[in-house]
Amino acid sequence: MRIVVCIKQVPGTSQVEIDEETGVLKRDGAAAKINPYDLYALETAMRLKEKCGGTVTAVTMGPPQAKAMMKEAYMMGVDEAYVFSDRTFAGADVLATSYTLAQGITSICDYDIIVCGKQTTDGDTAQVGPAMAEYLGIPCAAWVGEIGDVDEHTMTVGQNFVNVKQLAKMKLPCLITVEKDIFTPRLPSYRLKAATKDREVHMIPFTEFKDQEASHYGLKGSATSVERIFPPASHEGQIFIEGSDEEIAAQLTELFADRKYIEVER
């Protein structure tokens, strides 16, 4: 079984800088971590490998610093890791990101199952996985909370739709996006850290992609643009209100009225 897992490096802090001209996050040199939802995708990929045999390949699109994240993926049991990194990919929206990942995967390996996290904490669109499947022309199941039978031809999964659960059976190759808590993510292994410390993280530039039309990637390949983006204002002041319930309610009402949050008759 050839399993590909897509992971992403997201800001590890709320203190991020934004390029005022392009409206995108400045990721170079910023504190970063593995997208929390992708930890469940990593664990799902490893469970599939343990269940069916085969290999797990981790891929990401990002700056060179994403190599550190891939080293951590090696410590969780991933067999190969690839970073699609090129200035051509910078500033991509959901559409261009999905296309880049799809092109990157088809440029480096064959696959039976692609596993993605439900969404990322910096974008929260939950669209990249399904859009990749559309570009690749393969079946897709989103909101997967359970893995059923898997063989060399088909895969059965349980999907969680708020108040409804659905079983879906798909032909391979296919793509799934997994829910939080599908499995408990494993911790990085010190043994694997030692065993994989010299293992290469493959850096794949635009020149190694099959599609060499630059207008399909990055800002040029994006169907949407950001009109305005800015970090939220930071408020460090705190107010402590004490007294009975009635006294606290009266003080809050007065405070909200003074700040023009509400209108009250005085």
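The values are calculated or read from the model by the stated rules, or taken from the named source; none is laboratory data. Model, not experiment: these values are computed from the prediction. Glycine also receives a Cβ, built like all others from the backbone with ideal geometry; neighbour counts cover every protein chain displayed. To get the accessible areas, we keep the full protein, side chains included, count just its heavy atoms, and leave off ligands, DNA and RNA. Shrake-Rupley method; radii C 1.70, N 1.55, O 1.52, S 1.80 Å.
So for the stretch 184-198 (the condition being hydroxyl-bearing (Ser, Thr, Tyr) and open to solvent by 100 Å² or more (accessible area, probe 1.4 Å)), does at least one residue qualify?
yes
Could you check the stretch 193-208 and list, in sequence order, the residues that are of a type in the set (S, T, N, Q) and in contact with a Phe, Trp or Tyr (Cβ under 7 Å, 6 or more places away or on another chain)?
To start, the set of residues in the stretch 193-208 that are of a type in the set (S, T, N, Q) comprises 196, 207.
Matches in the stretch 193-208: 196 only.
Being more than 19 Å from residue 59 (Cβ to Cβ) and either touching a residue at least 24 places away in the same chain (Cβ under 8 Å) or in contact with a strand residue (DSSP E or B) (Cβ under 8 Å, 6 or more places away or on another chain) (or both) narrows it down to one of 158, 218, 117, so name that one.
158
Only one of these conditions is not met by residue 110: (1) touching a residue at least 60 places away in the same chain (Cβ under 8 Å); (2) under 22 Å from residue 199 (Cα atoms); (3) touching a helix residue (DSSP H, G or I) at 6+ places or on another chain (Cβ under 9 Å). Which number is it?
It is condition (3) that residue 110 fails.
Please count how many residues of the stretch 47-83 are open to solvent by 10 Å² or more (accessible area, probe 1.4 Å) and in a helix (DSSP H, G or I).
Residues flagged as open to solvent by 10 Å² or more (accessible area, probe 1.4 Å) and in a helix (DSSP H, G or I) within the stretch 47-83 amount to 11.
Is it the case that some residue within the stretch 130-139 is charged (D, E, K, R), in contact (Cβ under 8 Å) with a residue 40 or more places away in the chain and open to solvent by 90 Å² or more (accessible area, probe 1.4 Å)?
no
Please work out if residue 102 is surrounded by 21 or more Cβ atoms within 10 Å (Cβ to Cβ) and part of a loop (DSSP other than H, G, I, E, B).
On the way: surrounded by 21 or more Cβ atoms within 10 Å (Cβ to Cβ): yes; part of a loop (DSSP other than H, G, I, E, B): no.
Spelling it out, it is not the case that residue 102 is surrounded by 21 or more Cβ atoms within 10 Å (Cβ to Cβ) and part of a loop (DSSP other than H, G, I, E, B).
Sort through 175, 167 and tell me the only one that's of a type in the set (A, V, I, L, M), open to solvent by 100 Å² or more (accessible area, probe 1.4 Å) and within 25 Å of residue 118 (Cβ to Cβ).
That would be 167, the only listed residue that is of a type in the set (A, V, I, L, M), open to solvent by 100 Å² or more (accessible area, probe 1.4 Å) and within 25 Å of residue 118 (Cβ to Cβ).
Identify, from the list 110, 86, 122, 93, the residue that is surrounded by fewer than 17 Cβ atoms within 10 Å (Cβ to Cβ) and farther than 20 Å from residue 55 by Cα.
After ruling out the rest, the residue left standing is 122.
Check every one of the strands (runs of 3 or more DSSP E) wholly within the stretch 123-221 and list those with 3 or more residues that are over 24 Å from the mean Cα position of the chain (by Cα).
By residue number, 164-171.
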